[in-house]
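Read through the structure below, which is laid out as structure tokens, and then see the notes.
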Amino acid sequence: MQKTTTFLMFSGPQFGKAEEAMKLYISLFKDSSVKHAEYFKAGEQGGREGTVKHATFLLAGQEYMVIDSMYDHAFNFTPSMSIYVQCEDEAELDRLYGVLSDQGRVMMAPSNYGFSKKFTWIADRYGVSWQLNLQE
């Protein structure tokens, strides 16, 4: 069976932050853990020692992949692709918003926008976009 996995590449100003981001994300959700992590070794081409060569982790049971890329790219994270979280209750949305918006950017502040009881759209400190939704 074919499976899709969200792949996050930390490059440019976010280079070297893949492990930090992965650990933050798994601390926020139940059923989350690092499945596998491989790091660049000293002198290994394509990376800097200790940065993430390739890692997979579970976030609320969903698999994600991360890498650190030391190469310059003409792109980085964009809000047009985001991680959408259907929150169980308002306390969860508020908790996630507090952590993920810290040092990040709020694109839509938590509010009732008519399509949801409470919704927010943010980019975290790494530039990864999140949509948090509470619909009852």
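The values are calculated or read from the model by the stated rules, or taken from the named source; none is laboratory data. The model shown is predicted, which means the values in this text are computed figures rather than measured ones. Cβ sites come from the backbone with ideal geometry, for glycine too, and all protein chains shown count toward neighbours. The accessibility values were calculated without ligands, DNA or RNA, using every heavy atom of the protein model including side chains. Shrake-Rupley method; radii C 1.70, N 1.55, O 1.52, S 1.80 Å.
What tally of residues in the stretch 95-125 results from selecting those that are within 17 Å of residue 24 (Cβ to Cβ) and of a type outside the set (Val, Ile, Thr)?
First pass over the stretch 95-125, keeping only residues within 17 Å of residue 24 (Cβ to Cβ): 95-105, 122-125.
Checking which are of a type outside the set (Val, Ile, Thr) leaves us with 95-98, 100-105, 123-125.
Summing the residues that are within 17 Å of residue 24 (Cβ to Cβ) and of a type outside the set (Val, Ile, Thr) in the stretch 95-125 gives 13.
Scan the stretch 15-29 and give yes if some residue there is free of Cβ contacts under 8 Å to residues at least 60 places away in the same chain and more than 15 Å from the chain's Cα centre (by Cα), otherwise no.
no
Keeping to the stretch 1-40, report how many residues are assigned to a loop (DSSP other than H, G, I, E, B) and aromatic (Phe, Trp, Tyr).
3
Are there strands (runs of 3 or more DSSP E) fully within the stretch 49-112 with at least 1 residues that are without any contact (Cβ under 8 Å) to a residue 60 or more places away in the chain and open to solvent by less than 40 Å² (accessible area, probe 1.4 Å)? List them.
Those strands (runs of 3 or more DSSP E) span 52-59, 62-68, 82-86.
Output the residue which, of all residues in the stretch 34-48 that are loosely packed, with under 11 Cβ neighbours inside 10 Å and not charged (D, E, K, R), is modelled with the lowest pLDDT.
Residue satisfying both the conditions and the ranking: 45.
Based on this model, can you work out whether residue 133 counts as modelled with pLDDT of 95 or more and touching a helix residue (DSSP H, G or I) at 6+ places or on another chain (Cβ under 8 Å)?
When the stated conditions are applied, residue 133 passes them.
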